[in-house]
1. Quick check: is even one residue across the stretch 224-242 crowded, with 20+ Cβ neighbours inside 10 Å, assigned to a loop (DSSP other than H, G, I, E, B) and within 22 Å of the chain's Cα centre (by Cα)?
2. For the subset of the stretch 546-579 comprising residues that are under 12 Å from GLN282 (Cα atoms) and away from the ligand (no atom under 16 Å from the Cβ), which member is surrounded by the fewest Cβ atoms within 10 Å (Cβ to Cβ)?
3. State which residue is farthest from the ligand (Cβ to nearest atom) when the search covers only the stretch 495-515 and only residues that are surrounded by 24 or more Cβ atoms within 10 Å (Cβ to Cβ) and more than 22 Å from LEU180 (Cα to Cα).
4. Across the stretch 297-325, which residue is farthest from the ligand (Cβ to nearest atom) among those that are assigned to a loop (DSSP other than H, G, I, E, B) and among the hydrophobic types (A, V, I, L, M, F, W, C)?
5. Determine, yes or no, whether GLY535 is free of Cβ contacts under 8 Å to residues at least 40 places away in the same chain and not polar (S, T, N, Q).
6. If I ask for residues that are in contact with a Gly (Cβ under 6 Å, 6 or more places away or on another chain) and farther than 14 Å from GLU779 by Cα, which ones from the stretch 699-729 would you list?
7. Hey, GLY728 hits all of (1) of a type outside the set (Ser, Thr, Tyr); (2) in a loop (DSSP other than H, G, I, E, B); (3) at pLDDT 95 or above but one; which does it fall short on?
8. Those residues that are hydroxyl-bearing (Ser, Thr, Tyr) and assigned to a helix (DSSP H, G or I), I need them from the stretch 509-524; list them, please.
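The values are calculated or read from the model by the stated rules, or taken from the named source; none is laboratory data. Model, not experiment: these values are computed from the prediction. FYI the Cβ positions are ideal-geometry reconstructions off the backbone, even for glycines, and counts take in every protein chain you see.
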Amino acid sequence: MKFFKPPYRSAVCCIGLLFLLASLPAAAALRSVGAVVQAIKSNEGYDLRLSSGALARISFVTPDVVRVRISPKARFEADNSYAMAQAPSRAKAVMATLNGATLELRSASGTRVVIRKTPELVIQIFDAAGRLVSADDPARPTTFDVEEGSFETAKLRDDYELYYGFGEKALPLSRHQQQLVMWNSDVPDYAPGHDPSYQAIPFFIALHEGRGHGLFFNNSWRSWFDMGKTDPQRYRFGSAGGELDYFVFTGGPERSPARVLSDYTALTGRGALPPLWALGYQQSRWSYKTQDEVLGVAREFRQRRIPADVLYLDIDHMDGFRVFTWNPQTFPQPGELLITLHQQGFRAVTIVDPGIKKDEGYAIYRSGRAAGVYMRNADGSELNAKVWPGVCAFPDFTSAAARDWFGRLYEAPLDLGVDGFWNDMNEPGVFAPDGFAKPEISLGPQKSFALDAQHAGDGRPGSHARYHNVYGMQMARASFEGLRRLRPQKRPMLLTRAGFAGVQRYAAVWTGDNSATWTHLALTIPMLTNLSVSGVPFVGADVGGFMGSPSAELYTRWLQAAALTPYLRTHSSDVSAPREPWAFGPEHERINRQIIELRYRLLPYLYSLFEASERTGLPPMRPLWFAYPGDTQASLVDDQFLLGADLLVAPVLHEGRSERLVYFPKGDAWLDWDSGQRHEGGSFATIPAPLERLPLFVRVGATVPTQAPVQHTGEMLQSALTLNVAWGAAGSSDMFQDAGEGYGYRQGASRTLRMMQDAQGLRLDIPPNAGFQRVAAVEFLGLESAPARRLRVALPDEGVKQVRPALGQQRPASLVPAGVSP
Ligand code: MIG
């Protein structure tokens, strides 16, 4: 690594500094932090007084998580980050003076922060094994523009260090040599490479020589990162305002990406288990325009026996786009519509935008004004901007009173029977003053509130420049908390377009207005896996691409690629051709049905992953590098992903293909889900993939539950489970079951089955069945014997403790009942 080591190269540093100073206009108030003049123990950690007058505060959140804050005015705000799930914990640390020039802060685990005092503060972080994790660039000390409030800092990097995360970015898989801007933006029809996008999450996981670490920049202003683009020797980040406050996640002794993400989500929160139905197939369009049209779509799904759980009502269901109203002409009986949908096993999700039509005849507008919940301009007047309804006012979601007011509005649709909600336009996006004529405006930061608009900031009043990036997640919070209060027995199903670090506590996220192109299909994997490793587990992209109309082939391939992504919804724009799974002719309808059936077959597995995600912060959808950080070949694979630890998904992402190259990550062997054929880890293979086939592989040693196909999740209880054993290595898997709704599982109303494979066979630990889906069979994949690589063994009851696959012979496998020790 090119990281510096003592003795420090102060000459290089001074030249760097001179160069920096020389390049600045004389009047700029840019100031570097200076040398450490005094170290004082504070109740958070250690405070370092700096010669510039600034104050640095270094502390441990846990023994493996370091927090660094630097304030040019030597004043820190009390923690109020919207990102954090709660105030960060504190871990003990001991300060020692190494020599006159160096201090060292050490945690209980042996993680060390080495502080060089002169000529400029330089911070290096080492893991417990003494390996360098992160180091300030001595040539580019942290600098502040005291007048403007902006600042930046720089860290050394190695050419081979890769970066993942940063939320939702239409960028390549690894963000090395990329510049990224954190500014939530409504970017319809975004081109691949366009940045910023709908969701800024200033967190990344770095990967270098198989080891991970993470950094979270706790700042909601417009911030930026340059991950070695300007200069491959260093990465830099900074912000237009606020505090320099960041957390370095060392990854603990294991230095694994999983550990980094677990520590990051311990700080910013974890996505809660959604209701089971929210994992089913969902059908949307902008818009199903009448209640009869909606009923027609529902009927078609059931008649054609294409499984589906959810139908969406986009903005046209409203009366003149007034949120929480219904169009009396086109949706005259919404209550009856919802009853009929429920009878057919469907749930309904309606869209809710933040803009409240400024209309004296609209009770909700008047109520918000009376309650004083709307955003204000700098001069104190009500902030107004045009969106779908015309001129609107906007709740200030950084005010508890506004969130409470908004949350209560959900009572009416809940009473009618609406099951879930969809928060759109909450970057916030408003119509550009000149319409969509100028792309630089329609895709630019001007398409939002003025930077000097006022927010309450929950007791810390501030400008929109400060709170823009949290507006969307605070809207989702208002919705989520409202739903929790109104229906305490139900898990909210909420979808949001904008968000910030911590958005996972409130909502699922979709990647906005993508396009019906093959390029956009391929982009879904880097986008969704990077969102996943940014702490957001429930993610998806509009199937088929929102803008435009996909060919039959593109739609089918897209559905296939999305079938095993966490959130699965077909959605399209107001001018797209019809896009129901049957809209592309009978041959495609048959294949599309099979794809959705595969999703439903694997729902018990996917559901278990969500339950684990609530406990661990590990996302269901994972990039290969995340699970196999030591496998260099895996680090840039952007056209495959893992679903949990056990399934490898390799969709076809290009037109006209009937096969594709698949990489099998090192350290595990893999079985073809369909043929049972074995592939060794670290190898490539060309896999046949005609239109009807999704290349899917299961990790040898794992056991993956499946169910017989159902038409919707409401039928699952009647459908029995099969445990699919990927035969050939010791290993174990768990499966979680509960009621699929409500919070009983947090009080023990659940069970977790454990399936363990060893040379003897499959050992089963199946707790008593308190009304859950029954396990009816075990199926072994990957057997070498004739006549097939697959062997199905029916389980007479769940009391069976062990199943032996009877290797090498065709006789039935043997069962060992409960109570008989193997
Ligand atoms: O200005 O509600 O991304 O999913 O269909 C467009 C209409 C507003 C943007 C969302 C899209 C939705 C559409 N909305």
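1. Within the stretch 224-242 (the criterion being crowded, with 20+ Cβ neighbours inside 10 Å, assigned to a loop (DSSP other than H, G, I, E, B) and within 22 Å of the chain's Cα centre (by Cα)), the answer is yes, since at least one residue qualifies.
2. Here the answer is ALA563.
3. TYR506
4. It comes out as ILE306.
5. no
6. Within the stretch 699-729, HIS712, THR713, GLY714, ALA729 meet the criteria.
7. (3)
8. THR519, THR524
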